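Data first, discussion second: the structure below is written as structure tokens.
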Amino acid sequence: MLNSALRAWGSKRRFAERVGISPQYLSYLCDPYNIRTPSVQLAQKIADILPISLEQRKSLLEHMLSANERRLQLNTFPRSGIHDCTVESYLVELRRMHQMATFSGNAPLTKIQYGVIREISITLIKNLDPIANPLAFVELCLLLSEVQCVLDRPDSALYYAKIARSVMESADPSDFWRDRERFESFQINAILAEAVAYHNLKLFDNAYDCCLQAEATEAMKHQPKFWKPHLYRDKINALIGKPRFTLGEAEGLANRVRDICTQRAGEFDPLLELLINRSLGQAYIQYGNLKKAHRLLQTLIDQMETTPHVGALHKVLLLRTFASLLWKQNALSDWKSFIKSARDIATEAGLHHQIHEIEQEYGPETISALSEESQGTGYLASTNISLFTTEAHSPGSSGS
């Protein structure tokens, strides 16, 4: 979290001077594997100065103080001994709500579902013993990590992803031979949850390293066609944020996902293709190949409403990416329409991370000015860009 926040500060040397420490000591604090921890006074000063939200500031301070006291918050949670059957009944409902939040086009419902999932998961994690019921505990951590990313709490998301990974790494696989597939899926999901949290913290090298680690898991060996599309999308997203990347690597990853989806032709595969192509479109934009980006992203915009299982988050991601392209092409009239639609959906669905990303990309003043303009008709009517094709796609969908 400290590394992420310092990206917005600029010079680490200036920051060190501001809080009254040496640049070398700041480097120690920024190293997750260094044993040095800040004093209570220094932790408070660091949290007060960093340009982050109040909620993130409180969270960072809490973790710095916990590290200073040489204890993990996980070990202080009271465990009241929830019965297995009770946990499973909650998990069944949480899975259902997660599916609806992810793949429903109903934005207000999405907002409610994410909030409920977060509150229930936090309560259950506090009262569930990870030793007695590790898989249920890990599943709750993974659900919570994903929701916290959506709600713009990547610090908390990373925390729960790391707890999940710690539990999985300490578990003996031979104890779960009857449930091997679920065990292996949680192993790789914990790593990918870390990757997504690192990505949202703008720590792209860490995210890419997690993707490489996920490639070496047993789940990838046993179910490569299932996991590669999800992993390769995360890999492209991490590549885009790195200072240098080859477009050929991004295109190669996207092509492999398309091949897998074509071979499987599963229910969620059309959505998976839409998402991997969006990531590739973003790579084209980052690389400055705006013509290729426009051809690809225009097709995706045309397909968006006819692709099955496209949820509010998926729509916002696609609209944001196309708006980013229009901004670079100086098509400001069309940009206004698309970015306003993306922000409106994100606001209605409670996608706080997407709102934050939009404001960060264009500046809160620019976005605020958009909101103050007269109520437009949204991207469907106020743009001259073609949005829909007349051909419907075969049913399909995919995870985020």
query = Considering region 207-228 alone, what residues qualify as being among the acidic types (D, E), free of Cβ contacts under 8 Å to residues at least 24 places away in the same chain and over 13 Å from L253 (Cβ atoms)?
reply = D209
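Can you tell which of Q148, Q113 is under 24 Å from I358 (Cα atoms) and without any contact (Cβ under 8 Å) to a residue 24 or more places away in the chain?
Q113
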query = Taking I163, is it over 24 Å from P32 (Cα atoms), of a type in the set (V, I, T) and out of contact with any strand residue (DSSP E or B) (no Cβ under 9 Å at 6 or more places or on another chain)?
reply = no
request  = Could you tell me whether region 322-343 includes any residue that is closer than 26 Å to V196 by Cβ, at pLDDT 90 or above and surrounded by fewer than 21 Cβ atoms within 10 Å (Cβ to Cβ)?
outcome  = yes
inquiry  = Can you say whether D175 is farther than 15 Å from L94 by Cβ, in contact with a helix residue (DSSP H, G or I) (Cβ under 8 Å, 6 or more places away or on another chain) and surrounded by fewer than 19 Cβ atoms within 10 Å (Cβ to Cβ), as far as the supplied structure shows?
reply    = no
task = Check whether at least one residue in region 117-126 is free of Cβ contacts under 8 Å to residues at least 60 places away in the same chain, closer than 17 Å to A349 by Cα, touching a helix residue (DSSP H, G or I) at 6+ places or on another chain (Cβ under 9 Å) and of a type outside the set (F, W, Y), and report yes or no.
result = yes
ask   = Of all residues in region 156-176, how many are not in a helix (DSSP H, G or I) and not aliphatic (A, V, I, L, M)?
value = 1
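Here is a yes/no grid of residues against (1) at pLDDT below 90; (2) crowded, with 16+ Cβ neighbours inside 10 Å:
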| residue | (1), (2) |
| --- | --- |
| L2 | yes, yes |
| P38 | yes, yes |
| A43 | yes, yes |
| A47 | yes, yes |
| H63 | yes, yes |
| R71 | yes, no |
| E88 | yes, no |
| A107 | no, yes |
| Y114 | no, yes |
ask   = Is one or more of the residues making up region 73-80 buried (at least 16 other Cβ atoms within 10 Å of the Cβ) and modelled with pLDDT under 80?
value = yes
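The values are calculated or read from the model by the stated rules, or taken from the named source; none is laboratory data. Predicted model only: the values in this text are computed from it and were never measured. Here Cβ is always computed from backbone atoms with ideal geometry, including for glycine, and neighbour counts include all displayed protein chains.
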